[in-house]
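**Q** Have a look at this one.
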Amino acid sequence: MSFILRRIGFYIAAFFVAATINFFIPRLMPGNPVDVMFAKMNSSLPPEAKAALVETFGFASGPLYMQYLDYMKSVFTWDLGPSVKFYPMTVGEVLGHALPWTIVLAGTASVLAFVAGSLMGVSAAWRRGGVFDTIVSPGALAMQSIPAVVVGLTGLYVFGLSLNWLPTSFAFDPSLDPSLTPSFLSSALYHAVMPVLSLAFVHMGGYLVTMRNNMIGQLGEDYVVMGAAKGLTNRRVKFNYAARNALLPSVTAFAMSLGAVMGGSLVTEVVFNYTGLGHLLYLGIVARDYPLIQGQLLVMTLAMLSANLIVDLLYVVLDPRLRKA
């Protein structure tokens, strides 16, 4: 219990540090979104309008500590102000529309990559030097070196343009209204196939290599040899003895990837014009929508910290020694 409480305290402190950095980054950059808007309008607006816009988008003057306190208040009330790009929608509303799509996309791809990569890593290590290991292990190393944009564009060309099996853009058929109807859900599922598989392909090789190496190390331990000598089935020795302990480092890597994939899906979402936080971050950067970028980074921070906390809880389940810590 004390282990979990210590980890929760650490994550709360980490969130304050990340939120503070998130506050200072836009203010260290030259200019602000209002200057960009004025430049596009060729300074046709009067100076009074510019001052009002600066106030509206949260770039108010005043002592820095007062701005910081107002910012921290907005973080905990989730009142992050209006978005410059999607005005008059608020940042919370914009993120709320995009977040479910990225959760489904990144979550499904991460789980698929973790499960498939780990299982293949276990099989490759169990039959080390065999045909499967000889083919899959070098292939996994090659998969790690292929950039996400290359995987996405290759899939788009082969399965979208050449074979015409899968759609090349959008998260669902634009002619449909978002709803929980069977036609809309099937359309969303159909459009998600290629982005999910592309994102999973990019991360699968890392899980395979990590699990294979961990598994090989565990197979040489005395308790695994003893389990086999006792006449236990190969399946029990492989999964209950060796794979269970080899899984711990992979679980850590899985947690780290969950937060990273939330931002790392940017390339995949841009390639497939897929509605999500990654695509939204791209639009926010192009428009210098600092409130939206701040909100996006906060979501990524929360995703990363939440994923790590879940893994800490899983560690307690997988490693009985931590229950007594």
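**Q** Looking at Ala260, Ala287, can you tell me which residue is at pLDDT below 75 and surrounded by fewer than 20 Cβ atoms within 10 Å (Cβ to Cβ)? Steps first, answer last, please.
**A** Details: Ala287 fails: at pLDDT below 75.
Selected residue: Ala260, the only one of Ala260, Ala287 that is at pLDDT below 75 and surrounded by fewer than 20 Cβ atoms within 10 Å (Cβ to Cβ).
**Q** Looking at Ala140, is it surrounded by 15 or more Cβ atoms within 10 Å (Cβ to Cβ), of a type in the set (Gly, Ala, Ser) and within 18 Å of Ala303 (Cβ to Cβ)? Write out each step before concluding.
**A** Details: surrounded by 15 or more Cβ atoms within 10 Å (Cβ to Cβ): yes; of a type in the set (Gly, Ala, Ser): yes; within 18 Å of Ala303 (Cβ to Cβ): no.
In short, no.
**Q** Which count do you get for residues in segment 125-166 that are among the aliphatic types (A, V, I, L, M) and either touching a residue at least 60 places away in the same chain (Cβ under 8 Å) or in a loop (DSSP other than H, G, I, E, B) (or both)?
**A** Filtering segment 125-166 down to residues among the aliphatic types (A, V, I, L, M) leaves 125, 131, 135-136, 140-143, 146, 148-151, 153, 156, 158, 161, 163, 166.
Now drop any that are not either touching a residue at least 60 places away in the same chain (Cβ under 8 Å) or in a loop (DSSP other than H, G, I, E, B) (or both), which leaves 125, 136, 140-143, 146, 148-149, 153, 156, 163, 166.
Number of matching residues: 13.
**Q** Could I ask something else about it? Restricted to segment 152-195, and to residues that are open to solvent by less than 20 Å² (accessible area, probe 1.4 Å) and out of contact with any Gly (no Cβ under 9 Å at 6 or more places or on another chain), which residue is farthest from Pro138 (Cα to Cα)?
**A** Residues of segment 152-195 that are open to solvent by less than 20 Å² (accessible area, probe 1.4 Å), as a first pass: 152, 155, 160, 171, 184, 187-188, 192, 194-195.
Then drop every residue that is not out of contact with any Gly (no Cβ under 9 Å at 6 or more places or on another chain), which leaves 152, 155, 160, 184, 187-188, 192.
Details: Gly152: 21, Gly155: 21, Gly160: 28, Phe184: 40, Ser187: 36, Ala188: 34, Ala192: 28 Å.
Top of the filtered list is Phe184.
**Q** Being open to solvent by less than 50 Å² (accessible area, probe 1.4 Å), touching a helix residue (DSSP H, G or I) at 6+ places or on another chain (Cβ under 9 Å) and not polar (S, T, N, Q) narrows it down to one of Val91, Val149, Val111, Val104, so name that one. Talk me through it step by step, then tell me what you get.
**A** Working: Val149 fails: open to solvent by less than 50 Å² (accessible area, probe 1.4 Å); Val111 fails: open to solvent by less than 50 Å² (accessible area, probe 1.4 Å); Val104 fails: open to solvent by less than 50 Å² (accessible area, probe 1.4 Å).
Val91 is the lone residue from the list that is open to solvent by less than 50 Å² (accessible area, probe 1.4 Å), touching a helix residue (DSSP H, G or I) at 6+ places or on another chain (Cβ under 9 Å) and not polar (S, T, N, Q).
**Q** Would segment 41-57 turn up any residue that is open to solvent by 50 Å² or more (accessible area, probe 1.4 Å), small (Gly, Ala, Ser) and either modelled with pLDDT of 85 or more or assigned to a helix (DSSP H, G or I) (or both)?
**A** At the first step, the residues of segment 41-57 found to be open to solvent by 50 Å² or more (accessible area, probe 1.4 Å) are 41-48, 50-52, 55-56.
Right, trim to small (Gly, Ala, Ser) and you get 43-44, 51-52.
Cutting the leftovers down to either modelled with pLDDT of 85 or more or assigned to a helix (DSSP H, G or I) (or both) gives us 51-52.
The answer is yes, given that some residue of segment 41-57 is open to solvent by 50 Å² or more (accessible area, probe 1.4 Å), small (Gly, Ala, Ser) and either modelled with pLDDT of 85 or more or assigned to a helix (DSSP H, G or I) (or both).
**Q** Continuing with this model, one more query. Sort out which residues of segment 1-15 are within 20 Å of Val316 (Cα to Cα) and either among the aliphatic types (A, V, I, L, M) or open to solvent by less than 70 Å² (accessible area, probe 1.4 Å) (or both), and write them in order of number. I'd like the intermediate steps shown before the answer.
**A** Let us first name the residues in segment 1-15 that are within 20 Å of Val316 (Cα to Cα), namely 1-12.
Those that are within 20 Å of Val316 (Cα to Cα) and either among the aliphatic types (A, V, I, L, M) or open to solvent by less than 70 Å² (accessible area, probe 1.4 Å) (or both): Met1, Ser2, Phe3, Ile4, Leu5, Ile8, Gly9, Tyr11, Ile12.
**Q** Further, regarding this structure: Pick out the one residue from Ser187, Ser169 that is part of a helix (DSSP H, G or I), in contact (Cβ under 8 Å) with a residue 12 or more places away in the chain and either in contact with a strand residue (DSSP E or B) (Cβ under 7 Å, 6 or more places away or on another chain) or among the hydroxyl-bearing types (Ser, Thr, Tyr) (or both). Spell out how you get there, then give the answer.
**A** Working: Ser169 fails: part of a helix (DSSP H, G or I).
Selected residue: Ser187, the only one of Ser187, Ser169 that is part of a helix (DSSP H, G or I), in contact (Cβ under 8 Å) with a residue 12 or more places away in the chain and either in contact with a strand residue (DSSP E or B) (Cβ under 7 Å, 6 or more places away or on another chain) or among the hydroxyl-bearing types (Ser, Thr, Tyr) (or both).
The values are calculated or read from the model by the stated rules, or taken from the named source; none is laboratory data. Every value quoted in this text rests on a predicted model; they were computed, and no experiment measured them. Glycine gets a Cβ as well: all are built from the backbone with ideal geometry, and neighbour counts include every protein chain shown. These area figures cover heavy atoms from the full protein model, side chains too; ligands, DNA and RNA do not enter into them. Shrake-Rupley method; radii C 1.70, N 1.55, O 1.52, S 1.80 Å.
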